[in-house]
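One structure is given below, encoded as structure tokens.
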Amino acid sequence: MTPRHSRITGTGSHLPPRRLSNADMVTLLAGRGIETSDDWIVERTGIRARHFADDGVSASDLALPAARRALEAAGRRAEDVDLIVVATSTPDMVFPSTACLLQAKLGVHGCPAFDVQAVCSGFVYGLAVADAMIRAGSARCALVIGTEVFSRILDFDDRTTCVLFGDGAGAVVLEASATPGILACELHADGRHAGILCTPGTVSGGRVLGDPVLKMDGQAVFRLAVGVLESAARSVLGKAGRTEADLDWLIPHQANIRIMQGTARKLKLPLDKLVATVDEHGNTSAASVPLALDVAVRDGRVRPGDTVMLEGVGGGFTWGAVLLDF
């Protein structure tokens with residue numbers, strides 16, 4: 001029997017058209033009596049702009065064009081898809097899943113569709129799940145999507161968080177293959193650190209209980225993130241029998257340029273092997289890794305045959321890595 005593997009055959013992404021530069025955020029926050037500056041934001045994060053969805057635009061709405069672009073790049077139709085995995089922390093509703101709503105918008109039905117909730121690590125988690133299902137023979141052509149409308153859960157009275165996040169979606173088509181594409185996956189979580197990055201509200205009796213906006217201890221997240229990303233990267237390289245020297249590209253979660261560069265340095269990678277798009281869309285949580293991957297594929301940096309490391313880290317506390325040959 002031919003060994004069964006999975007490969008990414010197409011990528012796609014979508015950003016809502018409303019773009020807010022740092023200058024726009026300075027003006028927005030000044031109207032609320034809060035001071036910030038372009039220099040303050042860029043120096044600490046590397047972010048220069050982010051995109052916010054208009055009222056009434058949901059996570060599945062953002063996912064739809066990203067999914068269609070990935071399908072087009074793969075030369076596939078929606079009818080070819082037999083698995084849909086959506087990573088999101090900002091679903092359209094409590095239930096059904098955003099994946100089921102996206103399935104209907106794609107005009108297909110019958111295949112399994114479900115959401116994965118691992119916050120900013122969600123796409124890496126979703127990709128690992130889809131890879132496992134393809135290897136097991138449960139699917140042949142999967143859509144894996146990260147999509148977020150984080151602007152809906154931001155506290156615009158907290159300048160330390162509201163300038164960091166944006167909305168967007170990224171998608172890949174993952175297909176069964178006789179040759180390896182996904183080489184190894186590594187997933188972790190540590191719920192002891194749940195409090196350093198969370199949105200602690202919930203719905204009960206028709207009311208929101210708790211605080212429904214994002215809370216973050218930035219210094220604690222920074223300290224944890226660099227360490228766990230390095231260890232996950234080294235572990236996944238070891239599983240695949242590769243070394244740092246084999247990496248053509250590192251595509252980490254696009255949250256903070258200092259975390260991203262710190263991870264690259266710990267892996268002794270030159271910074272020109274780091275794909276960084278955080279400056280243009282901010283932290284889009286589960287969407288950030290597939291967004292950055294799609295940008296790098298479409299601008300010609302990531303090419304067939306390249307070895308790529310994808311990494312995510314986020315609330316939970318969750319983290320993980322996927323090593324692949326593109």
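The values are calculated or read from the model by the stated rules, or taken from the named source; none is laboratory data. Being a predicted model, the structure only gives us computed values, none of them experimental. As a convention, Cβ positions derive from the backbone with ideal geometry for all residues, glycine included, and neighbour counts pool all protein chains shown. Heavy atoms of the whole protein, side chains included, go into the accessibility calculation; ligands, DNA and RNA do not. Shrake-Rupley method; radii C 1.70, N 1.55, O 1.52, S 1.80 Å.
Here are some notes:
- Test result for SER235, assigned to a helix (DSSP H, G or I), of a type in the set (S, T, N, Q) and either open to solvent by less than 10 Å² (accessible area, probe 1.4 Å) or under 22 Å from LEU197 (Cβ atoms) (or both): no
- Tally of residues being outside any helix (DSSP H, G or I) and within 25 Å of GLY227 (Cα to Cα) across segment 167-210: 12
- Exactly one residue out of ALA178, ALA194, ALA189 is touching a residue at least 12 places away in the same chain (Cβ under 8 Å), farther than 20 Å from ILE41 by Cα, surrounded by fewer than 19 Cβ atoms within 10 Å (Cβ to Cβ) and under 17 Å from the mean Cα position of the chain (by Cα): that is ALA189.
- Qualifying residue in segment 303-317 (condition: aromatic (Phe, Trp, Tyr) and open to solvent by 30 Å² or more (accessible area, probe 1.4 Å)): no
- Test: residue in segment 59-73 that is closer than 19 Å to ALA87 by Cα, touching an Asp or Glu at 6+ places or on another chain (Cβ under 8 Å), of a type in the set (Lys, Arg) and surrounded by 14 or more Cβ atoms within 10 Å (Cβ to Cβ): yes
- Residue match in segment 49-58 (condition: touching a strand residue (DSSP E or B) at 6+ places or on another chain (Cβ under 7 Å) and open to solvent by 60 Å² or more (accessible area, probe 1.4 Å)): no
- The residues of segment 138-165 that are in a loop (DSSP other than H, G, I, E, B), open to solvent by less than 40 Å² (accessible area, probe 1.4 Å) and touching an Asp or Glu at 6+ places or on another chain (Cβ under 8 Å) amount to a single one, ALA139.
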